[in-house]
Amino acid sequence: MKTEQNRRSVELLAPAGNLEKLKIAYLYGADAVYVGGKKFSLRARASNFSYEDIKEAARFANNLGKKLYITMNIVPHNSDLVDLISYLQFLESVNVTGIIISSLYIGSVAKKYAPKLEIHLSTQASVSNHQAIKFYEGFGFKRVVLAREVNLDEIKSIIDNCKAEIEVFIHGGMCVSYSGRCMLSNYMTNRDANRGGCAHSCRWNFDLVDNGKKINNRYFNMGSKDLNAYKQIFSLIELGVSSLKIEGRMKSLFYIACIVRTYRKIIDDYYRYNGDITKVNFDYYNNEILKAENRLTSVGFLKGTVTKKEQLYNVRTENPTKDFLGIVLDYDDESKIVTLEQRNYFKVGDKVEFFGPNLENTSFVIDEMTDENGLELEVARHPLQIIKFKVPFRLSKNDMMRK
């Protein structure tokens, strides 16, 4: 067992769909970030990272003493493997920490041509037992990302019987099938989920029909609620999990900041209170998560076999919030003027809340504001408009303002 070591060094792993989100994830508390390149990645519709983006991401991570992982977890067809060797060698040359893969072939090529890269087994491999992990250990995998269908007791058994690092998802979307193995998207939209094109067909609204007649004039969908394991973090650390992973490379900058910051605080609470869960205000953390979430959530399989309570069926809550009002570009300590990039509508007289990596939630009422040229404004209604106003407490670049 390696429980004591992991208790001291559990990793918070965050997603990023572009370079701006990656930097926010690190600044708001992630120990490591995983991103996809333009090829080999299972989120083809994310902005994804060019070679130059990856180079900058690795530089940024290394300067902070943090880690960067590149997803290469597609199920590759012949045409997907073009330039594989040169891509792996590039990743190694810019000091990427490791790659997340599901293909043993990609792993074998990485070991031969880019041996400094750690190789991590993706959740796409659906590993849920320690016998399989022992095989992957023998192949050279440093870490295994478990299937999301395992419970806490199974995670304990796996860790007790394995040497590889174990990574577990703690937050984000859940697949209706074993992760990545669903074929609905392929058949219904000709978009291959296993090659980065999932259309999330399970979340569509389907009519229920009996003998040609729609039943109850209601719709049905097969999607599950998103995963939200904030109350299980202490248990996962106690079990010896090496990395706690947030899902969401398609999520917004605001979502990344709120969710990463919340889990950072929960993890820090574990060490601060020496694992005493009774000292933690989970209501506060739940409220923080709700400020960013727009779908219903559950603990998934962590407590055991799921019930209908973990499914959406005829409930849809995918309504993007407009709580994110702006991001701080600059703050003048003498004038106490903040320079803010607007993200959603707000006006003079609104009560807003600032938060940041080193700023606790702090409320404030806007009494006057101007644009960047000093023209007085009553309303900030233009996306990305530069807004200035006085704030009586100190702010830092990349702090955020929300409703």
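Summing charges over neighbours of R343, with a neighbour being any other residue whose Cβ is under 10 Å away from its Cβ, gives 0 when K and R count +1 and D and E count -1. Peptides 27-38, 284-295 ranked from most to least packed, by the mean per-residue count of other Cβ atoms within 10 Å: 27-38, 284-295. Per-peptide packing, taken as the mean over residues of other Cβ atoms within 10 Å, places 59-65, 164-170 in the sequence 164-170, 59-65 from highest down. Taken along the Cα-to-beta-carbon direction at a fixed 7 Å, the label points for M250 and M188 span 1.2 nm. In this structure, the amide hydrogen of T71, modeled 1.01 Å from its nitrogen in the peptide plane, lies closer than 5 angstrom to those of V35, G36, G37, I100, counting only residues at least 5 positions away or on a different chain. Taking all protein chains together, K308, K156 sort by accessible area into K308, K156, largest first [probe 1.4 Å].
For the pair K231 and K66, label points projected 7 Å from Cα toward Cβ lie 2.9 nm apart. Couplings 3J(HN,Hα) of region 340-356, computed from phi: 10, 9, 5, 10, 8, 4, 8, 8, 4, x, 6, 8, 10, 10, 9, 8, x Hz, in residue order, whole Hz [Karplus 6.51 cos²θ - 1.76 cosθ + 1.60, θ = phi - 60°; x for Gly and Pro].
Here each label is just a point 7 Å from Cα along the line to Cβ, and for D207 and K134 those points are 5.4 nm apart.
Computed with a 1.4 Å probe over protein heavy atoms only, the accessible area of M222 comes to about 70 Å².
Ordered by solvent-accessible area of protein heavy atoms (1.4 Å probe), largest first, the residues H382, H130, H200 come out as H382, H200, H130.
Scanning residues 5 or more positions from M369 or on other chains, those with amide H under 5 Å from its amide H are L377, with H placed 1.01 Å from N in the peptide plane. How much of the DSSP bridge set in the chain is antiparallel, in percent, rounded to the nearest 5? Of those bridges, close to 50 percent are antiparallel. Neighbours of V306, meaning other residues whose beta-carbon lies under 12 angstrom from its beta-carbon, give a summed charge of +3 when Lys and Arg score +1 and Asp and Glu score -1. Dipole magnitude for region 188-328: about 320 debye, using +1 per Lys or Arg Cβ and -1 per Asp or Glu Cβ, origin at the Cα centre. State which helices in the chain qualify, where a helix is a whole DSSP H run, it must extend 18 Å or more along its own axis by its Cα atoms, and its mean Kyte-Doolittle hydropathy must be at least -1.0. Helices passing the filter in the chain: 51-64, 253-272. Excluding S243 itself, calculate the net charge of residues whose Cβ lies under 12 Å from the Cβ of S243, where each Lys or Arg counts +1 and each Asp or Glu counts -1. Summing Lys and Arg as +1 and Asp and Glu as -1 gives -1. Carbon and sulfur: what percent of the chain's accessible surface (1.4 Å probe)? Whole-percent figure for carbon plus sulfur exposure: 48. Counting only DSSP H runs of at least 4 residues, each contributing -39500 (n - 2.57), and dividing by the residue count of the chain, the helix-based mean residue ellipticity at 222 nm comes to -8000 deg cm²/dmol. Taking all protein chains together, K390, K336, K265 sort by accessible area into K390, K336, K265, largest first [probe 1.4 Å]. Sequence-ordered 3J(HN,Hα) estimates for region 325-339 from the Karplus curve with 6.51, -1.76 and 1.60 and θ = phi - 60° stand at 9, x, 10, 6, 9, 6, 9, 9, 5, 7, 7, 6, 8, 9, 9 Hz, glycine and proline given as x. Heavy atoms of the protein chains alone define the surface here; on that basis the chain has 47 Å² accessible area per residue at 1.4 Å probe size.
The values are calculated or read from the model by the stated rules, or taken from the named source; none is laboratory data. These numbers come from a predicted model, not from an experiment. Counting neighbours? That spans all protein chains shown, and the Cβs are built from the backbone with ideal geometry, glycine included. When the accessible area is computed, the model is the full protein with side chains, heavy atoms only, and any ligands, DNA or RNA have been set aside. Shrake-Rupley method; radii C 1.70, N 1.55, O 1.52, S 1.80 Å.
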